[in-house]
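Structure, as structure tokens:
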Amino acid sequence: MRVLKFGGTSVANAERFQDVAKIALDTAAHSQTALVLSAPAKITNLLVALVAQGAAGNSGLKEFDDIRAIIEPIITTLGSKFEGFNTKKILSEYNKTMETIRKRVDGMALLGVCPELVMAYIESRGESFSILIMEELLKSLGKKVRVIDPVKVLVTEGPIMESSVNIDASKAKYAALEDDKDAITLMSGFCGGNAQGEQVLLGRNGSDYSAACLAAISNAECCEIWTDVDGVYSCDPRAVSGAILLRKMSYAEAMELSYFGAKVLHPRTIAPIAQFHIPCLIKNTKNPKGEGTLISEETDLSIPIKGISDLKGIALLNISGPGMKGMVGMAGRLFTAVSRANVSVTLITQSSSEYSISFCVNQSELSKAKRAITGEFKLELKEGLLNPIEVKEGCAIISVVGDGMRTVRGISGKFFRALAEANVNIRAIAQGSSERSISAVISQKRVPEAVAFAHTAFFNSKQRLDVVLLGCGGVGGALLSQIKRQREMLSSKQGIDIRVVGVGNSKHFISDPNCVDLENYQELLSESDSEALTPETAEALIKSAHLLNPILVDCTTSEELANSYIDYMKAGYHIVTPSKKANTLSFDFYKKLREAAKLHHRKFLYEANVGAGLPVINTMQNQLAAGDELIDFAGILSGTLSFIFGLVEDGKTLSEATQIAYEKGFTEPNPADDLDGMDVGRKLLILARENGMELELSDVKIDSIVEPKYLKGSNAKEVIANLKNADAEFSKKVSEAKAKGKVLRYVGCIKDGKVFCQLREVGPEDPLFRVRDGENALALTTLYYQPIPLVIRGYGAGTEVTAAGVLSDVLRLQNWTHED
Ligand code: ADP
Ligand code: ASP
Ligand code: MG
């Protein structure tokens, strides 16, 4: 016999019923087959709601309507498709049941209460509908059917709503049934019968357990759990996109995973089948050809950790006090009291000093547990031997499970490091004595991040980078093209999974957790009616898109955005930017930004602030960290000026050279913004601050290249026309320098505590002598590099190199952890 259980989504509509019938007939073609069915999806929830309505004195009309809207189309559709399907008869039986339910709900409404036996009857009707329909469908397909009543076969013990099955007693009942080898056996899930023969329930989600019990008592060769996913995954596949399908796992692993919250299996499913060594297959009704997951004695030790699961709705209680120390039997009394109150304890930890015991119970059982404890320890609490019970509500238990844990080292280290990376606070820790699971109690609100980080640590060797880009003009656009080009290679060769999860400008913001369409983002953005990103919506995006390593890349020139970096860090984002705005605002803000980065464990990276893609900031930071000190700095920090000065050296006038640079798109829209030296001044301020100088922009002495009166004009044309008036004077300077074998350079300097930018004659011995045509050069004389300075030189302007500098900052964030 093979026992096949189909869950709610597998019998959600007429089409699914046909799928199930086909799977059943295919199986029956080679072995004796039994089906255990759940209620069609949503029906049990509606029946539970109906009971609540009745108990509250209402008639539950809406719930009745909703149930009808699901069940009736299943019956009529199958009736219209299969000739032998007697729609009238099935509808009439179904209506009879609905009428009985209605009477009971009305009765409840009058009484204002619902006895548990009535509740059990009503809540299990969904299963009875499934059996009614499937029996008729199989018969109409020409198959013999044997329906068995779980109330008569599964002998139960314990509470009415959450009973357990006595396998031995049930075995005897099953053996007494008449067998029919040619028939498909049908049994409704979720319920059984107690010693008095009353119908009881096996707990929510209990049909898996029904199937396992039927498999055990019928000595089945296999128990198959058919559901809506391809098998057991390393994590809930609906919560984590990269969850991995597991081919094989041991009973113990499956038991632990389901106990700690993996909903794919009811926690009590495994025990009965493990007892009789019955293999269990988890399969997908929508993908019957898929291999599924095989649960048996064997596991796959090449995957030491099988999964990460979470159990929500947990309360953590802590019992402490001087009376705990050395008092024999305290723990025994505590847990006896709790179990007497019928409260089940999910996790226990005790401090090694024996001074406190912490344990978890279901949130719904918290008051029962507290009452039991205060009752048991009334005296000790009164005398102060025990402190008042400490309770933390709104907790969840997150667990890693796997047989391989016993032999592989470092599992717990990895787990707790992952939680630290996710910035999740751990309230308690427990390791299963079987060494098959490690659990941490955390705030329920942090479950998505905790699970995602732990999953990445164990199952995904890829490093995630979740980029949110604001400003997709020149540099931003080039950055997106570079990411588009490099993504594949980064993923396959370097194990880096870089996704642009959002793109925005000052008006709109579009997002996609898997990666925005890097081909058509401009169109999508202009068509979008979304609002621009704010720190609040950015924070919400981390949660909704399950971002693991969110990075805000600011390619705008917005001062307002620069001013809100701290809020974005608070929201969880690293900041990467080529914009000089944030670093050249007040020194006070400069300091606050760095303090915030530290406080929120975020990084603020701005390599492209100086020298575009050249490795300037990073090199400086590394030198300083290695104990070096800057003595003297001189540099050509503007690609535009470097280009203009090259032309001037070759004989062009300043205005001609500026005109050429402007036409090639090398200048700012108004070239006066290059020639006034301000851009160089800002870069120099950033370098000075990097070296510990607490300066404001006003402390940087910035010489204009020509007198400011020659730079007047509201556009390039006016400025260049005006500049002609300075040509004669400027050319004179050029020739004077030439006569001495020197050239003119606009140089940014840091020397003797002074920071200044000036036009300067440099001779062939100077490293800046040969720097022209758009190149940048930075000469750093330091403790370690003297008298010959460290020179960083290369093309230092343009969107492509700047974007490359930004991308290299983004890539630096791959190995970042909160502990750094
Ligand atoms: P059924 O109605 O078939 O009993 P359930 O909804 O009870 O289905 O269980 C299947 C669901 O369990 C899946 O849709 C999935 O979201 C969830 N789930 C949670 N953890 C896991 C896991 N580790 N592997 C597979 N599914 C899981
Ligand atoms: N229908 C029941 C429930 O939803 C039992 C089950 O589907 O396993 O809880
Ligand atoms: Mg289920």
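The values are calculated or read from the model by the stated rules, or taken from the named source; none is laboratory data. All values derive from a computational prediction rather than experimental measurement. Cβ atoms come from the backbone with ideal geometry, glycine included; neighbour counts cover every protein chain shown.
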Kindly list, by first and then second residue, each pair from a residue in the range 600-614 that is on the phi > 0 side of the Ramachandran plot to a residue that is surrounded by 24 or more Cβ atoms within 10 Å (Cβ to Cβ) and β-branched (Val, Ile, Thr), limited to pairs with Cβ atoms under 6 Å and residues at least 6 apart or on different chains.
Ala612/Thr802
Take Leu723 and decide whether it is in a helix (DSSP H, G or I) and either over 23 Å from Ala797 (Cα atoms) or at pLDDT 95 or above (or both).
yes
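Look through Lys171, Lys96, Lys143, Lys139 and report the one residue that is exposed (fewer than 15 other Cβ atoms within 10 Å of the Cβ) and modelled with pLDDT of 95 or more.
Working: Lys171 fails: exposed (fewer than 15 other Cβ atoms within 10 Å of the Cβ); Lys143 fails: exposed (fewer than 15 other Cβ atoms within 10 Å of the Cβ); Lys139 fails: exposed (fewer than 15 other Cβ atoms within 10 Å of the Cβ).
Exactly one of Lys171, Lys96, Lys143, Lys139 is exposed (fewer than 15 other Cβ atoms within 10 Å of the Cβ) and modelled with pLDDT of 95 or more, namely Lys96.
Considering only the range 247-261, state which residues are outside any helix (DSSP H, G or I), under 14 Å from Val401 (Cα atoms) and more than 8 Å from ligand 1 (Cβ to nearest atom). Reasoning before the result, please.
Of the range 247-261, the ones outside any helix (DSSP H, G or I) are 247-250, 260-261.
Add one more test, that the residue is under 14 Å from Val401 (Cα atoms), and what stays is 248-250, 260-261.
Matches in the range 247-261: Lys248, Met249, Ser250, Phe260.
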Exactly one condition in (1) at pLDDT 95 or above; (2) not assigned by TED's automatic domain parsing to the domain that holds Ala169 is false for Gly242; which is it?
(1)
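Looking only at the range 296-312, which residues are within 30 Å of Phe335 (Cβ to Cβ) and either surrounded by 17 or more Cβ atoms within 10 Å (Cβ to Cβ) or not assigned by TED's automatic domain parsing to the domain that holds Gln350 (or both)?
Looking only at the range 296-312, we keep the residues that are within 30 Å of Phe335 (Cβ to Cβ), and these are 305-312.
If the condition is that a residue be within 30 Å of Phe335 (Cβ to Cβ) and either surrounded by 17 or more Cβ atoms within 10 Å (Cβ to Cβ) or not assigned by TED's automatic domain parsing to the domain that holds Gln350 (or both), then Ile305, Lys306, Gly307, Ile308, Ser309, Asp310, Leu311 are the ones that fit.
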Given the conditions (1) in the same structural domain as Gly404 (by TED's automatic domain parsing); (2) under 27 Å from the mean Cα position of the chain (by Cα), and given that Ser320 satisfies all but one, which numbered condition is not satisfied?
(2)
Residue check, Val424 against (1) part of a helix (DSSP H, G or I); (2) buried (at least 21 other Cβ atoms within 10 Å of the Cβ), all met but one. Which one?
(1)
Within the range 544-552, identify whether any single residue is surrounded by fewer than 21 Cβ atoms within 10 Å (Cβ to Cβ) and free of Cβ contacts under 8 Å to residues at least 40 places away in the same chain, and answer yes or no.
yes
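When you go through Gly54, Gly107, Gly126 one by one, which is the residue that is of a type outside the set (D, E, K, R) and within 16 Å of ligand 3 (Cβ to nearest atom)?
Gly126
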For the condition closer than 30 Å to Arg16 by Cβ, part of a strand (DSSP E or B) and not small (Gly, Ala, Ser), what is the one hit in Lys289, Lys283?
Lys283
For the range 679-706, enumerate the residues that are closer than 14 Å to Asp752 by Cα, over 45 Å from the mean Cα position of the chain (by Cα) and among the hydrophobic types (A, V, I, L, M, F, W, C).
Val700
Being more than 27 Å from Leu78 (Cα to Cα) and surrounded by 23 or more Cβ atoms within 10 Å (Cβ to Cβ) is the filter here; which residues of the range 12-50 pass it?
none
It is to be established whether one or more residues within the range 184-193 are without any contact (Cβ under 8 Å) to a residue 40 or more places away in the chain, over 23 Å from the mean Cα position of the chain (by Cα) and more than 16 Å from ligand 2 (Cβ to nearest atom).
no
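Which ones in the range 27-45 are in contact (Cβ under 8 Å) with a residue 12 or more places away in the chain and assigned to a helix (DSSP H, G or I)? Please lay out each step first, then the result.
So in the range 27-45, the residues in contact (Cβ under 8 Å) with a residue 12 or more places away in the chain come out as 27-28, 31-44.
Result: Thr27, Ala28, Ile43, Thr44.
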Testing Ser491 on (1) of a type outside the set (D, E, K, R); (2) within 18 Å of the chain's Cα centre (by Cα); (3) under 30 Å from Val401 (Cβ atoms); (4) surrounded by fewer than 17 Cβ atoms within 10 Å (Cβ to Cβ), one condition comes back false. Which one is that?
(2)
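For the range 204-220, indicate whether the set of residues that are away from ligand 2 (no atom under 16 Å from the Cβ) and not hydrophobic (A, V, I, L, M, F, W, C) is non-empty. Break it down into steps so the answer makes sense when it comes.
Pass one, the range 204-220, residues away from ligand 2 (no atom under 16 Å from the Cβ): 216-220.
So of that shortlist, the ones also not hydrophobic (A, V, I, L, M, F, W, C) come out as 218-219.
Yes, the range 204-220 contains a residue that is away from ligand 2 (no atom under 16 Å from the Cβ) and not hydrophobic (A, V, I, L, M, F, W, C).
Would you mind listing the helices (runs of 4 or more DSSP H) fully within the range 518-593 where at least 2 residues are out of contact with any Phe, Trp or Tyr (no Cβ under 9 Å at 6 or more places or on another chain)? Please lay out each step first, then the result.
Working: elements: 521-527, 535-544, 559-563, 565-571, 581-584.
Filter on the range 518-593 gives 521-527, 535-544, 559-563, 565-571.
Out of curiosity, is Asp228 surrounded by fewer than 21 Cβ atoms within 10 Å (Cβ to Cβ) and within 16 Å of ligand 3 (Cβ to nearest atom)?
Numbers: surrounded by fewer than 21 Cβ atoms within 10 Å (Cβ to Cβ): yes; within 16 Å of ligand 3 (Cβ to nearest atom): yes.
When the stated conditions are applied, Asp228 passes them.
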Residue that is surrounded by fewer than 17 Cβ atoms within 10 Å (Cβ to Cβ), closer than 27 Å to Glu421 by Cβ and hydrophobic (A, V, I, L, M, F, W, C), where the choices are Leu605, Leu593, Leu599:
Leu599
Unique residue being closer than 28 Å to Gly158 by Cβ and out of contact with any Lys or Arg (no Cβ under 6 Å at 6 or more places or on another chain) when the list is Ile308, Ile278, Ile303:
Ile278
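Each row is one residue, and each column tells you yes or no for (1) part of a strand (DSSP E or B); (2) modelled with pLDDT of 95 or more; (3) in contact with a strand residue (DSSP E or B) (Cβ under 8 Å, 6 or more places away or on another chain).
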residue: Phe666; (1), (2), (3): no, no, no
residue: Asn670; (1), (2), (3): no, no, no
residue: Lys683; (1), (2), (3): no, yes, yes
residue: Ala688; (1), (2), (3): no, yes, yes
residue: Glu694; (1), (2), (3): no, yes, no
Could you count how many residues in the range 262-275 are surrounded by 16 or more Cβ atoms within 10 Å (Cβ to Cβ), more than 13 Å from ligand 3 (Cβ to nearest atom) and either touching a residue at least 24 places away in the same chain (Cβ under 8 Å) or in a strand (DSSP E or B) (or both)?
4
